[in-house]
Amino acid sequence: QVQLVESGGGLVQAGGSLRLSCAASGIGSFFSITTMDWYRQASGEQRELVARIFRGGDTNYADSVKGRFTISRDNAKNTVYLQMNSLKPEDTGVYYCKTTLAGIQYWGKGTLVTVSS
């Protein structure tokens, strides 16, 4: 069974940095060919796509994080990362990673990021 486990969240001051990790298990070599996403959900808001990395390494970002966040992947470790710099209070929320395999979406349980002003 595919499982995604996020880590690296925490409390940080505005302007600071955090690096989130998402470790995938039960996915084997399929990890290297899957698209991996980072989403976030602020309190009372809908979940939104923050960053995406494709099998070949191409990336997409939400306009709100362009130039500040970087998504990357280590296929040898079945892990995707989200490096977050110049954090703002509006970046606060629960961050989730997601992938889709054979039409089934898999989500992690999320990691909380809190940015204080």
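One line per residue, one yes/no per condition, for (1) without any contact (Cβ under 8 Å) to a residue 24 or more places away in the chain; (2) outside any loop (DSSP other than H, G, I, E, B):
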position: 11; (1), (2): no, yes
position: 15; (1), (2): no, no
position: 23; (1), (2): no, yes
position: 31; (1), (2): no, yes
position: 44; (1), (2): yes, no
position: 51; (1), (2): no, yes
position: 56; (1), (2): yes, no
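Residues in region 76-87 that are touching a residue at least 40 places away in the same chain (Cβ under 8 Å) and exposed (fewer than 15 other Cβ atoms within 10 Å of the Cβ): 77, 85, 86. Within region 62-89, take every residue that is of a type in the set (Gly, Ala, Ser) and part of a loop (DSSP other than H, G, I, E, B) and give me the one that is nearest to residue 9 (Cα to Cα). Within region 62-89, the match that is nearest to residue 9 (Cα to Cα) is 86.
Take the conditions of a type outside the set (A, V, I, L, M), closer than 28 Å to residue 1 by Cβ and surrounded by 15 or more Cβ atoms within 10 Å (Cβ to Cβ) and apply them to residue 110. Does it pass?
Yes; evaluated as a whole, the condition is true for this residue.
Across region 1-41, what is the number of residues that are open to solvent by 40 Å² or more (accessible area, probe 1.4 Å) and charged (D, E, K, R)? Looking only at that region, the number is 1.
Among the conditions (1) surrounded by 18 or more Cβ atoms within 10 Å (Cβ to Cβ); (2) within 19 Å of residue 117 (Cα to Cα), the only one that residue 53 does not satisfy is (2).
The values are calculated or read from the model by the stated rules, or taken from the named source; none is laboratory data. Everything numeric in this text was worked out from a predicted model, so none of it was measured. Every residue, glycine as well, gets a Cβ built from its backbone with ideal geometry; the counts of neighbours run over all protein chains shown. The accessibility values were calculated without ligands, DNA or RNA, using every heavy atom of the protein model including side chains. Shrake-Rupley method; radii C 1.70, N 1.55, O 1.52, S 1.80 Å.
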